Structure formats: C-alpha cells, structure tokens
Amino acid sequence: MIRIAIVILNFNGSHHLKRFLPSVCRYSVSPGNRIIMVDNGSNDDSVSFVRSTFPEIDLIEFSKNNGFAPGYCLALKQVDATYFVLLNSDVEVTPGWLEPLYTAMESDPSMGACMPRMRDYNHPDHFEYAGAAGGFIDYLGYPFCRGRLLSSVEKDTGQYDQPRDIFWASGACMFVRSSAYFRAGGLDEDFFAHMEEIDLCWRMRRTGFSIRAVPESIVYHIGGGTLPNNNPHKLFLNYRNNLYLLFKNLTIIQLVPVLFMRMILDGMSALVYLVNGSGSFCKAVFQAHMAFYKNIPRLIRKRIELKGTIGRVHIKEIYPRSILFDFFVRKKRYFSELEW
C-alpha cells in the first residue's frame, strides 16, 4: 500500500503543470509516497508533457472532463493509500510541506483531514482566498476562513500560526485519511465542482472525525485555475452547491428556517447583481435555485442515506452568528474579531 498518494486532478492545465510540478516532485518524493496525475480528458499537451518529463509520476487518464468531484471520486477508487493529498495543479509547495501534515495525522487517529497554511501565489505575504489558515461556516451556510472573511483577505503576519480544529479543509490542498474519506462516503459527484470539500468535511465531522489546520506547512495557490472568479457558471455552482450542502447536512429543525432565510438573502443578492448591471450573475442565482428545487427528491434520498449521522455530533466550528451581518453591518474584517 502507498503511504501518501498526492493526487493532482488536471484539465487542460499544462501551463500550471509546467510551472508547479517541479516543486511537487522536488519536495514530495520519498519512500512510500507516490505522485499521481489524473487527467480529466485534456486536449492540450498535459499528458504528453508529464509522460515525457516526469516518468516517475503515475497517470490515470479519463476520456472526458468529469468535473472536480466526479474526477476525484473515480480516481481515488483506483488508489490504494493510507492517505490522499488532493492537490490542485496551480499550487506551489515548499520544502518540508508534507511532514507536518503527515505528523499531525499520525499523532491523532481521530483526525480525518488537515490542510496547510495557504498563501496567495501572486501576493505571497497574504493568505489565499480559497483556504487561508482554515475553513469555517456560519449557521446560514456561508463559508469563510481564518484569514479571509468574504472578500477581505488578511496579510499573514503570524496571527494564525497555531494549529487548531477547523470546519473544512480546502480542496486545493487537502490531506485526508483514506479510511475517513470512504467511511464518510467520499466526495459527492453531484456537486461537480465547488464546495464539495466542505460537504465531505461536514460528513467526516458527523462520523466523529476532526479537521485541522496545520500552519507549519505552507503552500502557495494561484486560485481560479479552472473557472475565474467572475464566471457566471462558477457563481451558479457556488449558490446551487451551497443549497445542496445545507439540505444534506442540517437537521429538519435547522433546515426550514435556514432555507427560508437563504431564499431571501439569495434573492437580495440577485437583485443587487441586476441593479449593478450584472444580468448574467442575477440569472445564475435564479438558475441555481431552480436546479436545487429540481433535485430535492434526489437530495431527500441522500438525507435518508445519511440519517444516522445528521445532528448526532455538535460541531463547535459552525459560527453561530451571521457572517454577512458581521461583515456588512458590524464591519468585521478579521477572523480574530468574530465572537464565538
């Protein structure tokens, strides 16, 4: 069995592979570790580049773009390893990045996943939006990070140097115990991309595993490597998948008021997009809700499958206040200002 399988999902990311694979190979190869590139039907030179330049990297090739979650689901079933590292192709790793993550997991069998400190590749003294120093969520389902509240990203001055339990680890660089991954049911393929790692972490938490940020390990992430932040389809996926996330994981008592509030808040955000001239974004929010309502029967079946774990574990890393209210009304801009 492989000790650590570093699994990089790629779709037409040859430019990222050429820039970042050298550091991954340089700082990750050791006895018991394997680097695996999963190609999601690329039509660029990704596969030929890896095959000719990095023959030590294992290749799993798919004939089409399955998406992030389905691609990893299909690939990880073929990998026999104690630990998986889900690593984006646009991440630069640093010397010694794996050891603190591996040590943290080995020292605590109840830890399901962990993540490194994520800095912005283009602004190296700042945290990176997609993960920063660990992910959290408020009671209405809005994600944020230790080091990033909504659009406000903090400079890394050492304020979050201490490891701590978090709610979710970023899928851009997630170190996960394979047994915890499969026990929780793995990534949900219906998410396609975005927030699938939050859903996975929520299910791992409900099955008794913890999630941890390990800031001693540092990586640099570009972000937006597949879909840029101003893409309406990305907005659609974020809104739809966030509703999927809530429907699957909240108790019925929690779900009804939260969905009611989200309909109001999402409607308000769609109106703001429309007033600001972003008709495509307004349409994306509407389409996300329609897709969610259409898939409620399927989501009900998933709730039935998860019934034994929903509400079983109190998760203190769910922020009991509204991050939107704190950010826009109370003007909170730093994670350290939040009141837990």
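Remarks
- Count - residues of region 1-26 that are at pLDDT 95 or above and surrounded by fewer than 16 Cβ atoms within 10 Å (Cβ to Cβ): 6
- Subset of region 70-114 [over 27 Å from Ser14 (Cα atoms), assigned to a loop (DSSP other than H, G, I, E, B) and not small (Gly, Ala, Ser)]: Asp108, Pro109
- Note on region 99-120: residues that are surrounded by fewer than 23 Cβ atoms within 10 Å (Cβ to Cβ), of a type in the set (A, V, I, L, M) and over 20 Å from Asp199 (Cβ atoms) amount to 2.
- Candidates Phe260, Phe247 - the one that is over 30 Å from Ser42 (Cα atoms), out of contact with any Leu (no Cβ under 7 Å at 6 or more places or on another chain) and outside the structural domain of Asn88 (by TED's automatic domain parsing): Phe260
- Considering residues of region 1-45 that are in a helix (DSSP H, G or I) and among the basic types (Lys, Arg) only, the residue farthest from Cys114 (Cα to Cα): Lys18
- Taken as a whole, the condition of being among the aliphatic types (A, V, I, L, M) and either farther than 22 Å from Asp138 by Cβ or surrounded by fewer than 23 Cβ atoms within 10 Å (Cβ to Cβ) (or both) does not apply to Ile198.
- Counted residues, region 163-189 - those being among the small types (Gly, Ala, Ser), under 16 Å from Pro143 (Cα atoms) and surrounded by fewer than 22 Cβ atoms within 10 Å (Cβ to Cβ): 0
- Within the option set Ser217, Ser179, being over 17 Å from Tyr319 (Cα atoms) and not in a helix (DSSP H, G or I) holds for one residue only, Ser217.
The values are calculated or read from the model by the stated rules, or taken from the named source; none is laboratory data. Everything quoted here is computed from the prediction, not taken from an experiment. Note that we place each Cβ from the backbone using ideal geometry, even for glycine, and neighbour counts take in every protein chain shown.
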